[in-house]
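The values are calculated or read from the model by the stated rules, or taken from the named source; none is laboratory data. Only a predicted model underlies this, so the values are computations on that prediction, with no experimental measurement involved. Glycine gets a Cβ as well: all are built from the backbone with ideal geometry, and neighbour counts include every protein chain shown.
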Amino acid sequence: MGEFNDRAEFDCDEDAFWEKCFLDTEFNRRFYVETLKFPEWRLLEQKDDGKKISRRVHISPPTGNMPGPMKKVLGDKFSYVEEGTYDRATHRYSFQVIPSILADKGRIAGELSSQKLGDKKIARTAKIHVEVKVFMIGSLMEQQILNDLRHSYDEARKFTGTFITEKSL
């Protein structure tokens, strides 16, 4: 099992980060499709009860840089659904990832949270657990997922800062 941890600071308040960036459709489309060059990011469902926002998102990552053994198992049309819930009171987003292939062979789940550092200044932390139980290549798949997470979160840090400035959040 692998674990990914990340921390980033942004110049906005917590509500702006969550609702005008992280959970915003334009932000996500631009980040996944335009910045990361994912073939698809699509909001399947979103519910807001005033206290929590729950959503389901369909994501198709690029498969070109996938190691050969992984590509053989996952194929060219790999995608996943992220199911997550944001709690406004605690500023926490808990999620799980359901892959289109081998969904019963592993678990990817995590939590993102924010902490107010000052006026218009927050820290966002991420803790993601990755476990893949596929004979012979499970550890290779875990390592690839962790590497992809590192890359995505590095890009997210830059993109989020730019988006916050662009939107004057």
Neighbours by Cβ (under 8 Å, 6+ apart or cross-chain): first from region 4-25, farther than 19 Å from K47 by Cβ and modelled with pLDDT under 95; second among the acidic types (D, E) and part of a helix (DSSP H, G or I): none
Candidate set: region 59-79, residues that are crowded, with 16+ Cβ neighbours inside 10 Å and without any contact (Cβ under 8 Å) to a residue 24 or more places away in the chain; chosen: the one farthest from the chain's Cα centre (by Cα): F78
Condition check for D148: more than 19 Å from the chain's Cα centre (by Cα), closer than 16 Å to I59 by Cα and of a type outside the set (A, V, I, L, M): no
Residue within region 88-99 that is in contact with a strand residue (DSSP E or B) (Cβ under 6 Å, 6 or more places away or on another chain), crowded, with 16+ Cβ neighbours inside 10 Å, at pLDDT below 95 and closer than 18 Å to V132 by Cα present: yes
Any chance I122 is over 18 Å from W18 (Cα atoms) and β-branched (V, I, T): no
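Looking only at region 125-139, which residues are in a helix (DSSP H, G or I) and surrounded by fewer than 16 Cβ atoms within 10 Å (Cβ to Cβ)? Lay out the reasoning, then the answer.
Initial filter on region 125-139 (in a helix (DSSP H, G or I)): 138-139.
Result: S139, single match.
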Members of region 64-92 found to be closer than 14 Å to F38 by Cβ, in contact with a Pro (Cβ under 9 Å, 6 or more places away or on another chain) and not in a strand (DSSP E or B), listed by number: F78, S79
Residue check, E40 within 23 Å of H151 (Cβ to Cβ), free of Cβ contacts under 8 Å to residues at least 12 places away in the same chain, out of contact with any Leu (no Cβ under 6 Å at 6 or more places or on another chain) and exposed (fewer than 15 other Cβ atoms within 10 Å of the Cβ): no
Criterion (aliphatic (A, V, I, L, M) and modelled with pLDDT of 95 or more) met by exactly one of I108, I137: I108
Matching entry among K20, K51 (being exposed (fewer than 12 other Cβ atoms within 10 Å of the Cβ) and either charged (D, E, K, R) or more than 16 Å from F95 (Cβ to Cβ) (or both)): K51
Pair list, Cβ under 6 Å, 6 or more apart: region 141-169 residue assigned to a loop (DSSP other than H, G, I, E, B), other residue among the hydroxyl-bearing types (S, T, Y): none
When residues of region 1-17 are limited to those that are in a strand (DSSP E or B) and not acidic (D, E), the one farthest from R88 (Cα to Cα): G2
